[in-house]
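Have a look at the structure below, then the notes.
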Amino acid sequence: MFRTPAGEARYFAAYAATLALWPVPVESGDVPTRFGPTHVLRCGPPEAPPLVLLPGQAVSATMWHANVGALSQAYRLYAPDIVGDLGKSRCTRPPQAPADFSDWLSDVLDGLGLAAAHVAGLSYGGYIALRLAIGAPQRVRKLVVMAPAGLRPFRPQYFLRMASVFLPGPLASKQRALLGTVAPAADPVVKQMLTTTDFRYSMYYPPLCTDAELRGLQAPTLLLIGDREVVFDPRQVLQRAAGLIPGIETGLIPNAGHALTLDHPELVNARLLAFLAQPA
């Protein structure tokens, strides 16, 4: 997925630096999918219920370093690098339609020997979690989406914020532009994202989920979003989801931006664990 060995080495060093922050023992390996070998990080008791964690766009599965300590106490965690995006997965067939993500993640579950799992995702990962729940509802026990793409359009000014990241300036200003907040836990993730590399992107810009798709969701669903969200209007996201998704539980995380899992991991972990522990 890299054009040069030097670019690959720079990125893998940044990946390893973030993975080193995981507070629990972690295993890794690839599983085959029709879109290419997918790299998956695994931790937690093997006999515990499975929970799949999907990262945001342009970051890897290593971004869950602030969450896995608490979550792995009760769940076996599986964190794949999204195919076509930054990470260690190798894309041989780029996703070209929303249904491709349901197919890809179904293949990942097959490769892990999982008939179904709880699925949680942040941003781009939240969109992919939604696509699995829409396209293969039998694979999703409970669904957790955090600041997910696919519910409301991006704010036009966010694209200007993204462009500003490539201008000279301190890491804190780049983090604030991308995420709306500055949190120490996000520093290694942003550094990894901004590592100079020559990665061959095959990412897919997610369209909005339709009203009919959201009304048809069957899995119990939790939606969390920060009150300082910068990518889209958080209250519009909550309003659309609450009006369409059956029985959805929602939460607005105070003083959190787009990376709410890193801004306030203790709050997010507690909400997620409480939701998953409820009887289905």
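Given the options 54, 71, name the one that is at pLDDT 95 or above, over 25 Å from residue 175 (Cα atoms), out of contact with any Asp or Glu (no Cβ under 8 Å at 6 or more places or on another chain) and buried (at least 16 other Cβ atoms within 10 Å of the Cβ). Before you say what the answer is, go through the steps one by one.
Values: 54 fails: over 25 Å from residue 175 (Cα atoms).
Being at pLDDT 95 or above, over 25 Å from residue 175 (Cα atoms), out of contact with any Asp or Glu (no Cβ under 8 Å at 6 or more places or on another chain) and buried (at least 16 other Cβ atoms within 10 Å of the Cβ) holds for just one of 54, 71, which is 71.
Restricting to region 165-200, name every residue that is of a type in the set (Lys, Arg) and farther than 21 Å from residue 226 by Cα. Even if it seems obvious, please write down each step before you answer.
Within region 165-200, the first condition is being of a type in the set (Lys, Arg), and the residues that meet it are 174, 176, 191, 200.
If the condition is that a residue be of a type in the set (Lys, Arg) and farther than 21 Å from residue 226 by Cα, then 191, 200 are the ones that fit.
Have a look at 129, 149 and point out the one that is in contact with a Gly (Cβ under 7 Å, 6 or more places away or on another chain), part of a loop (DSSP other than H, G, I, E, B) and under 19 Å from residue 212 (Cβ atoms). I'd like the intermediate steps shown before the answer.
Numbers: 129 fails: part of a loop (DSSP other than H, G, I, E, B).
From the options 129, 149, the qualifying one is 149.
Go through (1) part of a loop (DSSP other than H, G, I, E, B); (2) surrounded by fewer than 21 Cβ atoms within 10 Å (Cβ to Cβ) one by one and return the number of the condition residue 172 breaks.
(1)
Against the definition (closer than 26 Å to residue 272 by Cα, buried (at least 22 other Cβ atoms within 10 Å of the Cβ), within 19 Å of the chain's Cα centre (by Cα) and modelled with pLDDT under 95), how does residue 59 come out, yes or no? Break it down into steps so the answer makes sense when it comes.
Details: closer than 26 Å to residue 272 by Cα: yes; buried (at least 22 other Cβ atoms within 10 Å of the Cβ): yes; within 19 Å of the chain's Cα centre (by Cα): yes; modelled with pLDDT under 95: yes.
Yes, satisfied.
Given the criteria surrounded by 15 or more Cβ atoms within 10 Å (Cβ to Cβ), farther than 24 Å from residue 3 by Cβ and either aromatic (Phe, Trp, Tyr) or under 17 Å from the mean Cα position of the chain (by Cα) (or both), does residue 183 qualify?
Details: surrounded by 15 or more Cβ atoms within 10 Å (Cβ to Cβ): yes; farther than 24 Å from residue 3 by Cβ: yes; either aromatic (Phe, Trp, Tyr) or under 17 Å from the mean Cα position of the chain (by Cα) (or both): no.
No; evaluated as a whole, the condition is false for this residue.
It is to be established whether one or more residues within region 240-251 are of a type in the set (Asp, Glu) and touching a Gly at 6+ places or on another chain (Cβ under 9 Å).
As a first pass, look at region 240-251 and keep what is of a type in the set (Asp, Glu): 249.
Now restrict to residues that are touching a Gly at 6+ places or on another chain (Cβ under 9 Å): none.
No: zero hits.
Would you confirm, using the coordinates I've provided, whether residue 17 is within 20 Å of residue 193 (Cβ to Cβ), hydrophobic (A, V, I, L, M, F, W, C) and touching a Pro at 6+ places or on another chain (Cβ under 8 Å)? Full working, then the answer.
Working: within 20 Å of residue 193 (Cβ to Cβ): yes; hydrophobic (A, V, I, L, M, F, W, C): yes; touching a Pro at 6+ places or on another chain (Cβ under 8 Å): yes.
Answer is yes for this residue.
Which fully enclosed strands (runs of 3 or more DSSP E) of region 50-124 have 2 or more residues being without any contact (Cβ under 8 Å) to a residue 24 or more places away in the chain and aromatic (Phe, Trp, Tyr)?
On the way: elements: 50-54, 76-80, 117-122.
The strands (runs of 3 or more DSSP E) meeting that bar number zero.
Would it be correct to say that residue 7 is more than 21 Å from the chain's Cα centre (by Cα) and either farther than 16 Å from residue 68 by Cα or without any contact (Cβ under 8 Å) to a residue 12 or more places away in the chain (or both)?
On the way: more than 21 Å from the chain's Cα centre (by Cα): yes; either farther than 16 Å from residue 68 by Cα or without any contact (Cβ under 8 Å) to a residue 12 or more places away in the chain (or both): yes.
Against the criterion (more than 21 Å from the chain's Cα centre (by Cα) and either farther than 16 Å from residue 68 by Cα or without any contact (Cβ under 8 Å) to a residue 12 or more places away in the chain (or both)), residue 7 qualifies.
What number of residues within region 257-279 are surrounded by 24 or more Cβ atoms within 10 Å (Cβ to Cβ) and either under 20 Å from residue 219 (Cα atoms) or of a type in the set (A, V, I, L, M) (or both)?
As a first pass, look at region 257-279 and keep what is surrounded by 24 or more Cβ atoms within 10 Å (Cβ to Cβ): 257-263, 268, 272.
From what's left, either under 20 Å from residue 219 (Cα atoms) or of a type in the set (A, V, I, L, M) (or both): 259-260, 262, 268, 272.
Residues that pass the stated criteria total 5.
Is at least one residue of region 152-168 buried (at least 18 other Cβ atoms within 10 Å of the Cβ), basic (Lys, Arg) and either within 21 Å of residue 14 (Cα to Cα) or touching a residue at least 40 places away in the same chain (Cβ under 8 Å) (or both)?
The answer is yes, given that some residue of region 152-168 is buried (at least 18 other Cβ atoms within 10 Å of the Cβ), basic (Lys, Arg) and either within 21 Å of residue 14 (Cα to Cα) or touching a residue at least 40 places away in the same chain (Cβ under 8 Å) (or both).
If we scan region 6-21, do we find a residue that is touching a strand residue (DSSP E or B) at 6+ places or on another chain (Cβ under 9 Å), at pLDDT 95 or above and outside any loop (DSSP other than H, G, I, E, B)?
Yes, that holds for at least one residue.
Scan region 147-175 for residues that are under 19 Å from the mean Cα position of the chain (by Cα) and charged (D, E, K, R) and report the count.
Residues meeting the conditions: 1.
Within region 27-51, can you find the residues that are buried (at least 20 other Cβ atoms within 10 Å of the Cβ) and among the aliphatic types (A, V, I, L, M)?
The answer is 40, 41, 51.
The values are calculated or read from the model by the stated rules, or taken from the named source; none is laboratory data. For clarity, every value in this text was computed on a predicted model and none was experimentally measured. We place every Cβ from the backbone using ideal geometry, glycine too, and count neighbours over all the protein chains shown.
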